[in-house]
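Everything on this sheet refers to the single structure shown next.
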Number of protein chains: 2
Amino acid sequence: MSSGHIVKSFDEELARVQNAIVEMGGIAETQLEAAVRSLAERNTELALKTIEGDKAVDALEHRIDDMAIKMLALRSPVADDLRIVISGLKIASLLERVADYAANISKRVIALNSAPAIAPISSIPRMGELVRRMIADTLTAYSNADAALAYDVWARDQEVDQLYNSMFRELLTFMMEDPRSITSCTHLIFMAKNIERIGDHMTNIAEIIIYQVTGDMPKEPRPKGDKTSVTMIDPKEG
Amino acid sequence: MSSGHIVKSFDEELARVQNAIVEMGGIAETQLEAAVRSLAERNTELALKTIEGDKAVDALEHRIDDMAIKMLALRSPVADDLRIVISGLKIASLLERVADYAANISKRVIALNSAPAIAPISSIPRMGELVRRMIADTLTAYSNADAALAYDVWARDQEVDQLYNSMFRELLTFMMEDPRSITSCTHLIFMAKNIERIGDHMTNIAEIIIYQVTGDMPKEPRPKGDKTSVTMIDPKEG
């Protein structure tokens, strides 16, 4: 109704930041899905496209940073509003890393595709799908301020860690049995590790959401299921 | 002079945040040094101590977060002051991850020490020392707002990447020649990767310092020297 400048409300600005975060998360989810599919399909073209797609995520992170800093400078939010802006900055930084991991998986797909397909890839798509759903649910929990769903994602990370543990052992054993597969299996271990790390980042984002909605952190200590750092396999086991 | 409340100046509060960051960075540097030394000495006790030491870094990150959020809420800083507070939050989050990597190296040392020492570890201490110096110099650059030194750290990361590349190839070849070393060498590759990532984080912090001091980012594109994601080694090479 009024003419002249339309001054956006704080809530509108906040909604813009939140929309950008959901958009960023959606791209990160797609990037992970594409990276894993490029492995299953041995699709180098898709892998290259996924690496290229990382730029859009980086650009969105910069945009969210700029929006948040502008809000802090011009609105001087306090209490809950301040926490939401700071959470936005943190979540954007975590999502940027998620997309980095997807790009790294894609690079390794290109390396794998340059050699015969000898290594067992089958667990990667399963792990990838589990974690892709964690991303989707985290974004829904964020949009709807749904602490119960965020808690569900947080608890689900243990399943990913267990898959990663068994895959780590399986790949080490495979390398021992067929040393020609060593380079390929090493790349697969790193891919699995990347996916496991994406799962970790989702639990971090879930914690931020839970804290934002309830003012509390999850009561139990964070389930730490990745035991691969202390795994040793005796060659005689293989 | 005046009685009653002593209201700290904004500059004093900022100095407290900056001191906490330098303290946090100093611990992270010590943690990396200890993790690498525990590998060279096959010292499980030191490795356990290093894992335990990670808690102090996490606690400092929370303290810095709280201080920064309190400053944002009560001081409503703008312009340069606001950027310094936000940079502090980001640097603290990067240093927390650096210490995580050191703790992860220590976990792998414990695993390695449970098996005979067959894998070649010699490049890790060299890489560790390079990166430890990057941490020290980054903290000096931060304390002194020294953009030239930050730029020097930023450029040095390429050397770390080159060391990592050659180590990656060396370890793959070693595994092919002696499949009994596969598990140990895999842990060494992850350790080397952890150190390489710490170097990456130092270049990120260096960029934040350069931006804070000069208002600009480094002119050249960031040197990306880690080529291991696309490395394949033909078993016949080994």
From B:216, B:152, B:161, B:157, which residue is open to solvent by 20 Å² or more (accessible area, probe 1.4 Å), touching a residue at least 12 places away in the same chain (Cβ under 8 Å) and among the acidic types (Asp, Glu)? B:152
Return the residues of segment A:85-119 that are closer than 18 Å to residue A:163 by Cα and either in contact with a Cys (Cβ under 8 Å, 6 or more places away or on another chain) or open to solvent by 50 Å² or more (accessible area, probe 1.4 Å) (or both); say none if nothing qualifies. A:119
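Please work out if residue A:232 is assigned to a loop (DSSP other than H, G, I, E, B) and open to solvent by 10 Å² or more (accessible area, probe 1.4 Å).
For residue A:232, the condition - assigned to a loop (DSSP other than H, G, I, E, B) and open to solvent by 10 Å² or more (accessible area, probe 1.4 Å) - is met.
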The lone condition residue B:72 fails out of (1) open to solvent by less than 50 Å² (accessible area, probe 1.4 Å); (2) more than 9 Å from chain A (Cβ to nearest Cβ); (3) more than 20 Å from the chain's Cα centre (by Cα) is (2)
Please determine, by comparing only the residues of segment B:101-117 that are more than 10 Å from chain A (Cβ to nearest Cβ) and touching a residue at least 12 places away in the same chain (Cβ under 8 Å), which one is nearest to residue B:32 (Cα to Cα). B:102
Would you call residue A:21 under 29 Å from residue A:108 (Cα atoms) and either out of contact with any strand residue (DSSP E or B) (no Cβ under 6 Å at 6 or more places or on another chain) or of a type in the set (A, V, I, L, M) (or both)? yes
Answer yes or no as to whether residue A:196 is open to solvent by less than 40 Å² (accessible area, probe 1.4 Å), under 20 Å from the mean Cα position of the chain (by Cα), within 13 Å of chain B (Cβ to nearest Cβ) and closer than 22 Å to residue A:89 by Cβ. no
Residue by residue through segment A:118-162, note down the ones that are assigned to a helix (DSSP H, G or I) and among the charged types (D, E, K, R). A:126, A:129, A:132, A:133, A:137, A:152, A:156, A:157, A:159, A:161
Looking at segment A:45-57, is at least one residue surrounded by fewer than 18 Cβ atoms within 10 Å (Cβ to Cβ), within 14 Å of chain B (Cβ to nearest Cβ) and modelled with pLDDT of 95 or more? yes
Go through (1) at pLDDT 95 or above; (2) open to solvent by less than 10 Å² (accessible area, probe 1.4 Å); (3) within 14 Å of chain A (Cβ to nearest Cβ) one by one and return the number of the condition residue B:82 breaks. (1)
Single condition residue A:225 does not satisfy, out of (1) open to solvent by less than 10 Å² (accessible area, probe 1.4 Å); (2) at pLDDT 90 or above; (3) more than 11 Å from chain B (Cβ to nearest Cβ): (2)
Within segment B:178-189, is there a residue that is under 30 Å from residue B:143 (Cα atoms) and surrounded by 20 or more Cβ atoms within 10 Å (Cβ to Cβ)? no
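This table checks each residue for (1) touching a His at 6+ places or on another chain (Cβ under 8 Å); (2) closer than 26 Å to residue A:206 by Cα; (3) among the small types (Gly, Ala, Ser).
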{"position": "A:32", "(1), (2), (3)": "no, yes, no"}
{"position": "A:49", "(1), (2), (3)": "no, no, no"}
{"position": "A:54", "(1), (2), (3)": "no, yes, no"}
{"position": "A:93", "(1), (2), (3)": "no, yes, yes"}
{"position": "A:104", "(1), (2), (3)": "no, yes, no"}
{"position": "A:112", "(1), (2), (3)": "yes, no, no"}
{"position": "A:120", "(1), (2), (3)": "no, no, no"}
Residue check, residue A:229 without any contact (Cβ under 8 Å) to a residue 12 or more places away in the chain and under 19 Å from residue B:171 (Cβ atoms): yes
Among the residues of segment B:85-96, count how many are over 13 Å from residue B:11 (Cα atoms) and at the interface with another protein chain (Cβ under 10 Å from one of its Cβ atoms). 5
Cβ-Cβ under 8 Å, sequence separation 6+ or interchain: first residue in segment A:17-34 and within 11 Å of residue A:136 (Cβ to Cβ), partner basic (Lys, Arg). Which pairs? A:29/A:132; A:32/A:132; A:33/A:132
Are any of the residues in segment A:164-181 among the charged types (D, E, K, R), assigned to a loop (DSSP other than H, G, I, E, B), within 25 Å of residue B:231 (Cβ to Cβ) and within 17 Å of the chain's Cα centre (by Cα)? no
Flag if residue A:123 is small (Gly, Ala, Ser) and modelled with pLDDT under 95: yes
Among (1) open to solvent by 10 Å² or more (accessible area, probe 1.4 Å); (2) away from chain B (no Cβ under 12 Å), which single condition is residue A:203 missing? (1)
Consider segment A:59-69. How many of its residues are open to solvent by 20 Å² or more (accessible area, probe 1.4 Å) and touching a residue at least 40 places away in the same chain (Cβ under 8 Å)? 2
Filter segment B:74-132 down to the residues that are more than 21 Å from residue B:42 (Cα to Cα) and of a type in the set (D, E, K, R) and list them by number. B:75, B:80, B:81, B:83, B:90, B:96, B:97
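The values are calculated or read from the model by the stated rules, or taken from the named source; none is laboratory data. Because the structure is a prediction, the values reported are computed rather than measured. For neighbour counting, all protein chains shown are included, and Cβ atoms are generated from backbone atoms with ideal geometry for every residue, glycine included. Note: accessible area is taken over every heavy atom of the protein model, side chains too, but ligands, DNA and RNA are not part of it. Shrake-Rupley method; radii C 1.70, N 1.55, O 1.52, S 1.80 Å.
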